[in-house]
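The values are calculated or read from the model by the stated rules, or taken from the named source; none is laboratory data. Small disclaimer: the values here were computed from a predicted structure and weren't measured. So basically every Cβ, Gly included, is an ideal-geometry build from the backbone, and we count neighbours across all protein chains shown.
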Amino acid sequence: MTKDEIIEFVAGLPGTVGMTASEDNGAPEAAWGDSFFYYDPSGDVPTDRQPFATVVVKDYDGFDSASDLNRDGVFRVNMAVGRKRFEELIGHPPAAHADHHGDFDYTATDRLLPHPVYATQGWVCVLNPSAATCEQTRSLLNEAHALDAERFDRRNRHRA
């Protein structure tokens, strides 16, 4: 799967609004080139909540550099799968990730990993998904989308 194929797949999920950060849309320069996906059937990019998935193309120096995304052609697909699903996939609860952080090679491509920064919030990731992780990545993106849609619906029911 290429970065563009993933972006097209996620953007095509029902009710999804995607944004690739750029100078034109007023995003901070550090995020330019990265893509963010939200469930919002109105088509608005929310400013009050986190995305359900992102595609990141570079390191954030001093914050998120464990995946060494500055390597040529390397990108990372990040998915908010929730705490329960994270534990099923990774083998330990997100809250215990600090104890397991050193067990993972965050630079490995085509392998499901806990997110190097957001694992404690139930995020997983894959660098350059291809044959080994393509279907799993699509499935997890669908799951993350469904979770965000449920949260959106719950929030809006309470506001009505």
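Condition check: surrounded by fewer than 20 Cβ atoms within 10 Å (Cβ to Cβ) and at pLDDT below 95. Does Val117 satisfy that?
Details: surrounded by fewer than 20 Cβ atoms within 10 Å (Cβ to Cβ): yes; at pLDDT below 95: no.
So Val117 fails the test.
Determine whether segment 133-155 contains at least one residue that is farther than 22 Å from Thr16 by Cβ and touching a residue at least 40 places away in the same chain (Cβ under 8 Å).
Filtering segment 133-155 down to residues farther than 22 Å from Thr16 by Cβ leaves none.
No, segment 133-155 has no match at all.
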Within segment 77-113, considering residues that are in contact with an Asp or Glu (Cβ under 9 Å, 6 or more places away or on another chain) and touching a residue at least 24 places away in the same chain (Cβ under 8 Å), the one surrounded by the most Cβ atoms within 10 Å (Cβ to Cβ): Met79
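Out of all the residues in segment 31-42, which are outside any loop (DSSP other than H, G, I, E, B), of a type outside the set (Phe, Trp, Tyr) and in contact with a strand residue (DSSP E or B) (Cβ under 6 Å, 6 or more places away or on another chain)?
Of everything in segment 31-42, just one residue is outside any loop (DSSP other than H, G, I, E, B), of a type outside the set (Phe, Trp, Tyr) and in contact with a strand residue (DSSP E or B) (Cβ under 6 Å, 6 or more places away or on another chain), namely Ser35.
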Single unsatisfied condition, Leu13 versus (1) more than 18 Å from Cys125 (Cα to Cα); (2) of a type in the set (A, V, I, L, M); (3) touching a Phe, Trp or Tyr at 6+ places or on another chain (Cβ under 7 Å): (3)
Residue in segment 55-66 that is surrounded by 15 or more Cβ atoms within 10 Å (Cβ to Cβ), of a type in the set (A, V, I, L, M) and within 14 Å of Met1 (Cα to Cα) present: yes
